[in-house]
Amino acid sequence: MISLEREQDSHVGAYSDYQNRVCCKVTSCPVGFVWDDIDKVCEPSFPVCFKRTIATGAVEPGNPCMTRWTSASPGTQSSNEYWNDALTTTNDCFANETTQSPPSENGRACCYQTAFAGQEYGQYWTATPSIAIRKTTVL
């Protein structure tokens, strides 16, 4: 077995027998990705909650979060789909934090994880120790 750090040509065999060498192309994936032998691409090794094509801005359907994360802007939360999801009980752009007691509803936000091969990926963010988003009612 040959393991290489980056994509390159690999030659197996004695240098003196270069004409009879076995050649292969080795592709390695960046940290956080694994090679998918079926689709022949690097796939995320982490659970993806959001994926979009950077060039077009198109969001891939089928992931829990369908709205890209944005910074919080005062006065616009109700019209901002991403932050509005924090107020619902559906696991979408915000998932329940179950590693603390009591569990925190919508305690994990789908945040930027990485970009690779023209795609941007989000993952539910969990801090150690756990930091949770909490809803409160102002009286």
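The values are calculated or read from the model by the stated rules, or taken from the named source; none is laboratory data. Just so you know, these numbers come straight off a predicted model, no measurement behind them. Cβ placement follows ideal geometry from the backbone for every residue including glycine, while neighbour counts extend to all protein chains displayed.
Quick notes on this structure:
- Residues that are modelled with pLDDT of 90 or more and either more than 16 Å from Tyr121 (Cβ to Cβ) or not in a loop (DSSP other than H, G, I, E, B) (or both), drawn from the range 41-82: Val41, Cys42, Glu43, Pro44, Phe50, Lys51, Arg52, Thr53, Val59
- Of the residues making up the range 26-40, those that are at pLDDT below 90 and in contact with a strand residue (DSSP E or B) (Cβ under 6 Å, 6 or more places away or on another chain) number 1.
- Taking residues in the range 89-112 that are at pLDDT 80 or above, and partners anywhere that are among the basic types (Lys, Arg) and surrounded by 13 or more Cβ atoms within 10 Å (Cβ to Cβ), the pairs with Cβ atoms closer than 8 Å and at least 6 places apart or on different chains are Phe94/Arg108; Ala95/Arg108.
- The range 113-139, residues that are at pLDDT below 70 and either in a strand (DSSP E or B) or surrounded by 13 or more Cβ atoms within 10 Å (Cβ to Cβ) (or both): Thr126, Ser130, Ile131, Ala132, Ile133
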